[in-house]
Amino acid sequence: MADLNHPGAEKEIGQTTGAAPGVNGSHATARDYHNPMAHIHSNQEARLPAFGGEFQPGLYRSVEARKFANPAPLGLSAFALTTFVLSAINLGARGVSAPNVVVPLALGYGGVVQLLAGMWEMAVGNTFGATALSSYGGFWIAYGILLTPNWNILGPNGPYASPATQAIDPKMGESAVGFFLTGWFIFTTILLLCTLRSTVMFFLLFFTLDLAFLMLACGAYANDNNAMDASKKLTQAGGGFGMLAAFLAWYNAFAGIADSSNSFFLIPVFHFPWSEKGREIRVNKSERDTV
């Protein structure tokens, strides 16, 4: 097997595997099978370090010449408030159990406003931010529709309450909601993997959100299986992780809004030691110690 660390490894791969010709007729190399933009941030151009307040999980270009304001705090705030309210209900705070109060927030603030923030992230060239905020805006719109009585998706006389469905599984709607939440758990896991080289606070936002989706999905499945105690505990656990995600979203939003012109203090975001900024800090510390 060719050693990919060897200087001639790419040439060897093209020669020995009989790979199809690549760009300009050259043999395909190991790099041809990856994202062609994978190394766009590894050149010598000055870059800013990962920052949750900008919804940037990796190095990104300076924002000095940007014509748009930073849309990330808006999207984060919309996500945080809607998640906070739903999580409070999932926790059973003050005995509230009906989630319908979330519908106007899900459609308006968490949905449309967050979706717009995602579109503006696209305008400023932030692929991660556009994907995440637009998607979660879509999630809240979909969830709002799911809970809207006039749509009657989960209500009496709805598609999951028909005699034919009831004969198969009286609680089929719970498993359907579980599928819905499982899909969002998978999507959030993908985004989580992209934050592993960013900051602790940015990573924790997606980590807690991921666990919230997982707990809520498992709670829905448990409900369908008539494991009511387990369903209640799992839903409460989902509410707890959702509450943490809401406050972490607000934390990152504040980090993106606050600066020396409007705040008496700035909050830390804690770069991972293996991130670009973390390595820079270690190198500078080592140089100071040497001096």
| note | Selection from segment 238-282 of residues of a type in the set (Gly, Ala, Ser), buried (at least 17 other Cβ atoms within 10 Å of the Cβ) and assigned to a loop (DSSP other than H, G, I, E, B) yields SER275
| With (1) in contact with a Leu (Cβ under 7 Å, 6 or more places away or on another chain); (2) surrounded by fewer than 16 Cβ atoms within 10 Å (Cβ to Cβ); (3) at pLDDT below 65 as the list, and SER42 as the residue in question, which single condition is left unmet? | (1)
| said: Which pairs turn up if I take residues in segment 143-155 that are farther than 10 Å from VAL102 by Cα and open to solvent by 50 Å² or more (accessible area, probe 1.4 Å) and look for partners that are of a type in the set (Gly, Ala, Ser) and part of a helix (DSSP H, G or I) with beta carbon separation below 6 Å, at least 6 apart in sequence or on another chain? | reply: LEU154/GLY173
| message | Would you confirm whether or not segment 187-194 contains a residue that is open to solvent by less than 60 Å² (accessible area, probe 1.4 Å), touching a helix residue (DSSP H, G or I) at 6+ places or on another chain (Cβ under 7 Å) and β-branched (Val, Ile, Thr)? | response | yes
| Looking at GLY173, GLY118, which one is without any contact (Cβ under 8 Å) to a residue 60 or more places away in the chain, within 22 Å of VAL85 (Cβ to Cβ) and surrounded by 14 or more Cβ atoms within 10 Å (Cβ to Cβ)? | GLY118
| message | Restricting to segment 121-135, and then to whatever is touching a residue at least 40 places away in the same chain (Cβ under 8 Å) and farther than 19 Å from THR83 by Cα, can you tell me which residue is nearest to the chain's Cα centre (by Cα)? | response | PHE128
| Residues that are surrounded by 19 or more Cβ atoms within 10 Å (Cβ to Cβ), touching a residue at least 40 places away in the same chain (Cβ under 8 Å) and among the small types (Gly, Ala, Ser), drawn from segment 89-115 | ALA106
| request: Could you pull out every one of the helices (runs of 4 or more DSSP H) wholly within segment 92-205 that has 2 or more residues that are modelled with pLDDT of 95 or more? | output: 114-123, 127-147, 172-193
| said: So the check is Cβ under 6 Å with 6+ separation or different chains; which pairs have a first residue in segment 222-235 that's farther than 16 Å from SER97 by Cβ and of a type outside the set (A, V, I, L, M) and a second one that's modelled with pLDDT of 95 or more and assigned to a helix (DSSP H, G or I)? | reply: ASP224/GLU174; ASP224/SER175
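The values are calculated or read from the model by the stated rules, or taken from the named source; none is laboratory data. This is a predicted model, so every value here is computed, not measured. Counting neighbours? That spans all protein chains shown, and the Cβs are built from the backbone with ideal geometry, glycine included. Each accessible area value is taken on the protein alone, full model and side chains, heavy atoms only, with ligands, DNA and RNA left out. Shrake-Rupley method; radii C 1.70, N 1.55, O 1.52, S 1.80 Å.
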